Amino acid sequence: MTVMEQRGAYRPSPPPAWQPRTDPAPLLPDAEPYRVLGTEAAAKADPALLRRLYAELVRGRRYNAQATALTKQGRLAVYPSSTGQEACEVAAALALEERDWLFPSYRDTLAAVARGLDPVQALTLLRGDWHTGYDPHEHRVAPLCTPLATQLPHAVGLAHAARLKGDDVVALAMVGDGGSSEGDFHEALNFAAVWQAPVVFLVQNNGFAISVPLAKQTAAPSLAHKAVGYGMPGRLVDGNDAAAVHEVLRAAIRHAREGGGPTLIEAITYRVDAHTNADDATRYRGDAEVEAWRAHDPIALLEHELTERHLIDDDGIRHASEAAEAMAADLRERMNQDPVLDPMDLFAHVYAEPTPQLREQQALLAAELAAEQEGGHR
């Protein structure tokens, strides 16, 4: 029998039925963003939690306004405002346990402050002062991350290491919709799912990556739908509904802590202010769009719920406003004080054991400073 005859006689059996590794149905997000305020679910929400969320939202809005004003006064080099996104920022901070870690992006200064970080220390990096401006271990807040999405693999690494050590720790990583287009986003989600790391990814979809609208970044039905491609649950939530964001985050954190692995959460929100004080947002969006989102303001939504249920009165609203003003006044006063800077701090906290090159540079600067001081005394 020839080779061709042998081949002709070969009849391969059909392949075995293919089965996906994971049933994709439970991983898919709901068709509509999850909401609490204004729905029947609001009646089950803890009144004390709602009042705390409200106070933090009011404080956060005033914090954003004061930080923006500081840029105009030259006290900050830049400030990426989170006005309009305060519900995501506050809910992220309040959803975590003390032992957990927050990995913020450059726009998440407010989340760090709501987590307990000193407002002035949170702005130190944006002020142009040395290093991070705070001790990340004190409040378990990683450095504010300016490069897009590079904090996400760090969050996965910390969460994975914590689990290997037996520590009951969850990492919450925050990123914008623009960051979801970065390779670091893919790498972080892929490793988190493969390792089943206890990490939660919160994407604040505020509509624009600087001036690029979401429709020009992805054709996916939603960013939350990307979760199924990595093998993790995706959740879609109204990012201006503080109670809903908190509930969804708490569920994802609990899921991660119990060994269920990571979750990708997309919060639909809006950046009311420009990208930063250096951005002219009128070049890529209209006033009507901004005003439509102002009608869905996170503070107004929660205040309406609280007043309708008689959980807050005029005195409570005034108290929250006064507390926010006191915070702003303290921030303004301390930021108006010129910091005392030591040039030698450039070499502090760079390496545990300084490299030869670093020691050489340190000695050179010390000599220059000494010569300058000696010249000033003549």
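Just so it is clear, none of the values below were taken in a lab; they were calculated from the coordinates. In this text the structure is predicted, and so the values were computed from the model without any measurement. With ideal geometry, Cβ positions are generated from the backbone for all residues, glycine too; neighbour counts draw on all protein chains shown.
Quick rundown of the values:
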{"quantity": "Under 22 Å from LYS216, Cα to Cα: lysines that are on another chain or at least 8 residues apart", "calculated": "LYS226"}
{"quantity": "Sorted by Cβ neighbour density within 10 Å, fewest at the top, the residues ARG294, ARG127", "calculated": "ARG294, ARG127"}
{"quantity": "Diffusion constant of the stretch 16-103 at 20 °C, which comes from Stokes-Einstein with the Kirkwood Cα-pair radius and 1.002 mPa s, µm²/s", "calculated": "127"}
{"quantity": "Calculated FRET value between ASP168 and ALA43, using beta carbons and R₀ = 51 Å, to 0.05", "calculated": "0.95"}
{"quantity": "Surrounding net charge for HIS310, when Lys and Arg each add one and Asp and Glu each subtract one, Cβ distance under 15 Å", "calculated": "-4"}
{"quantity": "Cα pair distances of the stretch 67-203 binned at 5 Å [whole percent]", "calculated": "2, 11, 21, 22, 21, 14, 6, 3, 1, 0"}
{"quantity": "Simple spin-label estimate for MET344 and ALA329 in nanometres, 7 Å along Cα-Cβ", "calculated": "3.9"}
{"quantity": "Dipole in debye (nearest 20) - the chain, about Cα centre, beta carbon charges: Lys, Arg +1; Asp, Glu -1", "calculated": "1040"}
{"quantity": "Under the Karplus curve 6.51 cos²θ - 1.76 cosθ + 1.60, θ = phi - 60°, whole-Hz ³J(HN,Hα) for the stretch 67-84, x wherever Gly or Pro sits", "calculated": "5, 5, 5, 5, 5, 5, 8, x, 7, 10, 6, 7, 9, x, 6, 10, 4, x"}
{"quantity": "Listed peptides 248-260, 73-85 by packing density, highest first (mean Cβ within 10 Å)", "calculated": "73-85, 248-260"}
{"quantity": "Phi to ³J(HN,Hα) by Karplus 6.51 cos²θ - 1.76 cosθ + 1.60 over the stretch 275-286, Hz, x for Gly, Pro", "calculated": "3, 8, 5, 8, 9, 10, 5, 5, 6, 10, 8, x"}
{"quantity": "Nearby aspartates and glutamates by direct alpha-carbon distance to LYS72 (threshold 17 angstrom, same-chain neighbours under 8 apart not counted)", "calculated": "ASP273, ASP279, ASP280, GLU333, ASP338"}
{"quantity": "Percent antiparallel among DSSP beta bridges (both partners in the stretch 25-335, rounded to 5)", "calculated": "10"}
{"quantity": "The chain - percent relative contact order, Cα under 8 Å, separation 6 or more", "calculated": "22"}
{"quantity": "Among VAL36, PRO26, VAL156 the positive-end extreme of the charge dipole of the stretch 25-335 (Cβ point charges)", "calculated": "VAL156"}
{"quantity": "Ranked packing of 227-234, 24-31, 302-309, most packed first, by mean Cβ within 10 Å", "calculated": "227-234, 302-309, 24-31"}
